[in-house]
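K.L.:
Can you read through this structure? Questions will come right after.
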Amino acid sequence: MSLSVVSALVRNLITVPAAVLRSRVAKDAEVLALRHENAVLRRQIARIRHEPADRI
């Protein structure tokens with residue numbers, strides 16, 4: 001029983017710093033993916049042709 005408690009503590013001590021680093025890397029990767037998605041979507045959208053009545 002004490003071995004399982006010790007192993008759980010060691011696992012948690014290793015997991016916490018890894019989670020902090022992973023979250024920073026994951027955030028950077030997500031921002032990069034969203035910027036790429038925005039660029040792709042901008043290329044797909046046709047330009048809107050405004051009529052003079054639309055500019056009132």
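K.L.:
Multiply the residue gap between LEU13 and ARG47 by 0.36 nm, knock off their C-alpha separation, and tell me the result in nm, one decimal place.
P.N.:
6.9 nm
K.L.:
Still on this structure, please answer the following. First compute the accessible area of the chain with a 1.4 Å probe, then give the percent of it belonging to carbon and sulfur atoms.
P.N.:
For the chain, the apolar C and S fraction of the accessible surface comes to 64 percent.
K.L.:
In whole Hz and in residue order, list the ³J(HN,Hα) couplings for the range 4-9 that follow from phi through the Karplus curve 6.51 cos²θ - 1.76 cosθ + 1.60, θ = phi - 60°; x for Gly and Pro.
P.N.:
After applying 6.51 cos²θ - 1.76 cosθ + 1.60, I find 5, 5, 5, 5, 5, 5 Hz.
K.L.:
Once phi is turned into θ = phi - 60°, what whole-Hz ³J(HN,Hα) does the Karplus curve with 6.51, -1.76 and 1.60 give for every residue of the range 25-36, x standing for Gly and Pro?
P.N.:
5, 5, 5, 4, 5, 5, 4, 4, 5, 5, 5, 5
K.L.:
Considering the convex hull of the alpha carbon atoms of the chain, report its projected area averaged over all viewing directions, in nm², one decimal.
P.N.:
That works out to 7.4 nm².
K.L.:
With every protein chain kept in place and ligands, DNA and RNA left out, what is the accessible area per residue of the chain? Probe 1.4 Å, answer in Å².
P.N.:
Per residue, the chain has an accessible area of 102 Å².
K.L.:
Hey, if you put +1 on the Cβ of every Lys and Arg and -1 on every Asp and Glu Cβ in the range 12-56, which of ALA46, LEU32, ALA18 ends up farthest toward the positive end of that dipole?
P.N.:
About the Cα centre, the residue reaching furthest to the positive side is ALA46.
K.L.:
Report the trypsin sites (Lys or Arg not before Pro) located in the chain that are in a DSSP loop and have at most 12 other Cβ atoms inside 10 Å of their Cβ, or state none.
P.N.:
Counting only loop positions with at most 12 other Cβ atoms within 10 Å, the trypsin sites (Lys or Arg not before Pro) in the chain are ARG47, ARG49.
K.L.:
About its Cα centre, what dipole magnitude does the chain give when the only charges are +1 on Lys and Arg Cβ and -1 on Asp and Glu Cβ, stated in debye to the nearest 20?
P.N.:
Here the chain has a charge dipole of around 140 debye.
The values are calculated or read from the model by the stated rules, or taken from the named source; none is laboratory data. Computed from a predicted model, the values in this text were never measured in an experiment. Quick reminder, even Gly has a Cβ in these numbers, built from the backbone with ideal geometry, and neighbours come from all protein chains shown. Please note that ligands, DNA and RNA were not included when accessible areas were found on the heavy atoms of the full protein model with its side chains. Shrake-Rupley method; radii C 1.70, N 1.55, O 1.52, S 1.80 Å.
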